[in-house]
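Everything on this sheet refers to the single structure shown next.
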Amino acid sequence: MTDRTILLNGARLLADLSGALLWPERGWLVVADLHLEKGSGYAARGTLLPPYDTGATLSRLEEAVARLRPARVVCLGDSFHDRTAAARVPAEDGRRLTRLTAALDWVWIAGNHDPLPPGDWGGTVREEIVEGPLTFRHEALAGAVAGEVSGHYHPKAAVLVRGRQLSARCFASDGRRLILPAFGAYAGGLNVLDPALAGLLGRDFRVWLLGREKVHAFPAARLSPGRPGPAALGPAALAARQASRR
């Protein structure tokens, strides 16, 4: 066992520093909330952001696929930021997606933001997937759902280390359900102690925080309710920052 190991309803999963989840037994790579073209969506409403989030997100996804070599990729919904986002994806990024989906068994789980991806981008669209002891869907259902893997909430956590508050995106699980961090460069996050997540996770849940160089596991008792700040930028934020400087 390592700090990256997550045990969920009898399945052994691994939290990857990229923000992706690996199910080694099945060879699955799972990501949540890519929110492609969030930057252009905000720009259309007058909030200007560097228009590099889709490219930065895809670069991290390509790196994770090349390094982990999965047989299947599952995107847990909100892969696109809004209903017209797919049409705004730059042509080269669309070709990058097509190459990824052609090389792998690719599943798009429907999310609350998602349109159907263009048909020539490949992949299969599903509402949810049940595989062995696990169920994969976009948003966690109320009540006890053993083995549920979802996204939607963009969990982040803050922890005090040597008097300094560090914060980053995180995986969060109580052993019966698991909520993934948002993978998208501009997707942002919600503190796991926020009332919006109350009732979804048991009192003794744990988080797997995405640090600069490794994943760090912490029990809920170590977490700070303070608003997560920029003290420890995760890989997604770093990628977006670097891309904006090109």
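The values are calculated or read from the model by the stated rules, or taken from the named source; none is laboratory data. What you are looking at is a predicted structure, and each value in this text was computed from that prediction instead of being measured. Positions of Cβ are generated from backbone atoms using ideal geometry, with glycine treated the same way; all protein chains shown enter the neighbour counts. These accessible areas exclude ligands, DNA and RNA; they are computed on the full protein's heavy atoms, side chains included. Shrake-Rupley method; radii C 1.70, N 1.55, O 1.52, S 1.80 Å.
Numbers at a glance
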| quantity | calculated |
| --- | --- |
| Of all residues making up region 144-181, the number that are touching a strand residue (DSSP E or B) at 6+ places or on another chain (Cβ under 8 Å) and either part of a strand (DSSP E or B) or at positive phi (or both) | 25 |
| Test for Leu160: is it surrounded by fewer than 23 Cβ atoms within 10 Å (Cβ to Cβ) and either modelled with pLDDT of 95 or more or out of contact with any helix residue (DSSP H, G or I) (no Cβ under 9 Å at 6 or more places or on another chain) (or both) | no |
| Residue ID - surrounded by the fewest Cβ atoms within 10 Å (Cβ to Cβ), chosen from residues in region 53-90 that are small (Gly, Ala, Ser) and either under 14 Å from Pro117 (Cα atoms) or in contact with a Pro (Cβ under 8 Å, 6 or more places away or on another chain) (or both) | Ala87 |
| So Ala140, is it modelled with pLDDT under 85, part of a loop (DSSP other than H, G, I, E, B) and of a type in the set (Gly, Ala, Ser) | no |
| Conditions (1) touching a Phe, Trp or Tyr at 6+ places or on another chain (Cβ under 7 Å); (2) in a helix (DSSP H, G or I): number failed by Ala87 | (1) |
| Residue check, Ser79 modelled with pLDDT of 95 or more and either hydroxyl-bearing (Ser, Thr, Tyr) or more than 19 Å from the chain's Cα centre (by Cα) (or both) | no |
| Pairs with Cβ under 7 Å, 6+ apart, first in region 23-52 and open to solvent by 20 Å² or more (accessible area, probe 1.4 Å), second modelled with pLDDT under 95 and of a type in the set (S, T, N, Q) | Pro50/Ser244; Pro51/Ser40; Tyr52/Ser244 |
| Unique residue being surrounded by fewer than 21 Cβ atoms within 10 Å (Cβ to Cβ) and at pLDDT 80 or above when the list is Arg222, Arg177, Arg245, Arg241 | Arg222 |
| Yes/no for Leu200 being open to solvent by less than 30 Å² (accessible area, probe 1.4 Å), in a strand (DSSP E or B), under 29 Å from Leu36 (Cβ atoms) and touching a residue at least 40 places away in the same chain (Cβ under 8 Å) | no |
| Sole residue being in contact with a helix residue (DSSP H, G or I) (Cβ under 7 Å, 6 or more places away or on another chain), modelled with pLDDT under 95 and either outside any helix (DSSP H, G or I) or on the phi > 0 side of the Ramachandran plot (or both), chosen from Leu29, Leu22, Leu49, Leu17 | Leu49 |
| Failed item in (1) out of contact with any Leu (no Cβ under 8 Å at 6 or more places or on another chain); (2) at pLDDT below 95, with Thr57 passing the rest | (1) |
| Subset of region 182-195 [at negative phi and touching a residue at least 24 places away in the same chain (Cβ under 8 Å)] | Ala182, Phe183, Gly184, Ala185, Tyr186, Ala187, Gly189, Leu190, Asn191, Val192, Leu193 |
